[in-house]
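Single-structure report; data block below.
The values are calculated or read from the model by the stated rules, or taken from the named source; none is laboratory data. Just so you know, these numbers come straight off a predicted model, no measurement behind them. With ideal geometry, Cβ positions are generated from the backbone for all residues, glycine too; neighbour counts draw on all protein chains shown. To get the accessible areas, we keep the full protein, side chains included, count just its heavy atoms, and leave off ligands, DNA and RNA. Shrake-Rupley method; radii C 1.70, N 1.55, O 1.52, S 1.80 Å.
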Amino acid sequence: MGHISDTIRSLHARLPEGVELVAVSKFHPAEALREAYDAGQRIFGESRVQELIEKQPLLPADIRWHFIGHLQTNKVKQLVGKVAMIESVDSEKLLELIDRLSAAAGVTSRVLMQVHVAAEETKFGFLPDELLDYFTSRRFENLKATHICGLMGMATNTDDQARISDDFHKIAGLRQHILQLCPDLRGFDTLSMGMSDDYPLAIEAGSNLIRIGTAIFGQRQY
Ligand SMILES: *Cc1c(COP(=O)(O)O)cnc(C)c1O
């Protein structure tokens, strides 16, 4: 029993009912993912298209791959139809492109909209007001081959627990607000929040999908 399988098993045992784990395996070799798989893990998160495409054929077919990185428009075509979820849709332009290429490929893409609430300038995502505008004007009704399953977000990178918790509650509150605006919205259930250092706070705030890399696989070698 290695560290990876021990951590997967203890996370599975400890996570509350209804909270799913994405094992964030970016920059780790296929053997590391295999160990996690053998311990029962089925959802893996990758942040680079090329790396995901290379790892997929080396690993079992029942893995559900989640794309979690910034997705460049010129890579969308390679990704569509290959993943269970794109968690990091950070612009309408990207969303429309995913939709167009999914329709052309005859598949339905499941996506999350990435929300930007953190203090850092560098984080991608929709501002809360942009998302409210998107749903108020019901532009999602134009999508033909894309299902928006919820929101993904990150907290500010800080040691201030109150600030982190506040960011997560903001994202959870935004989902509620969107559901009030569009009560007929179906399957807008997923709230992907929480990483190695802050996932307990995220779960407290209502996360039902946590994305954990370092705590499972160790430090990444970039
Ligand atoms: C890398 C990454 C994670 C995992 O972060 P850890 O701190 O290693 O757990 C989670 N979410 C996103 C979007 C990431 O890019």
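Observations on the model:
- Scanning segment 193-207 for residues that are surrounded by fewer than 20 Cβ atoms within 10 Å (Cβ to Cβ) and either away from the ligand (no atom under 16 Å from the Cβ) or closer than 19 Å to Arg64 by Cα (or both) yields Met195, Glu204, Gly206.
- If the condition is being under 24 Å from Val115 (Cα atoms), more than 11 Å from the ligand (Cβ to nearest atom) and open to solvent by less than 70 Å² (accessible area, probe 1.4 Å), then segment 45-74 contributes Val49, Leu52, Trp65, Leu71, Thr73.
- The condition (being crowded, with 18+ Cβ neighbours inside 10 Å, at negative phi, of a type in the set (Val, Ile, Thr) and more than 15 Å from the chain's Cα centre (by Cα)) is satisfied by just one residue among Thr146, Thr190, Thr158, Thr108: Thr146.
- Of all residue pairs spaced 6 or more apart or on separate chains, those with beta-carbon atoms under 7 Å, a first member in segment 40-52 that is basic (Lys, Arg) and a second member that is open to solvent by 30 Å² or more (accessible area, probe 1.4 Å) are Arg42/Asp62; Arg42/Arg64; Arg48/Lys26.
- Enumeration of residues in segment 211-222 that are surrounded by fewer than 23 Cβ atoms within 10 Å (Cβ to Cβ) and either under 23 Å from Arg42 (Cβ atoms) or within 8 Å of the ligand (Cβ to nearest atom) (or both): Ile212, Gly213, Thr214, Ala215, Gly218, Arg220
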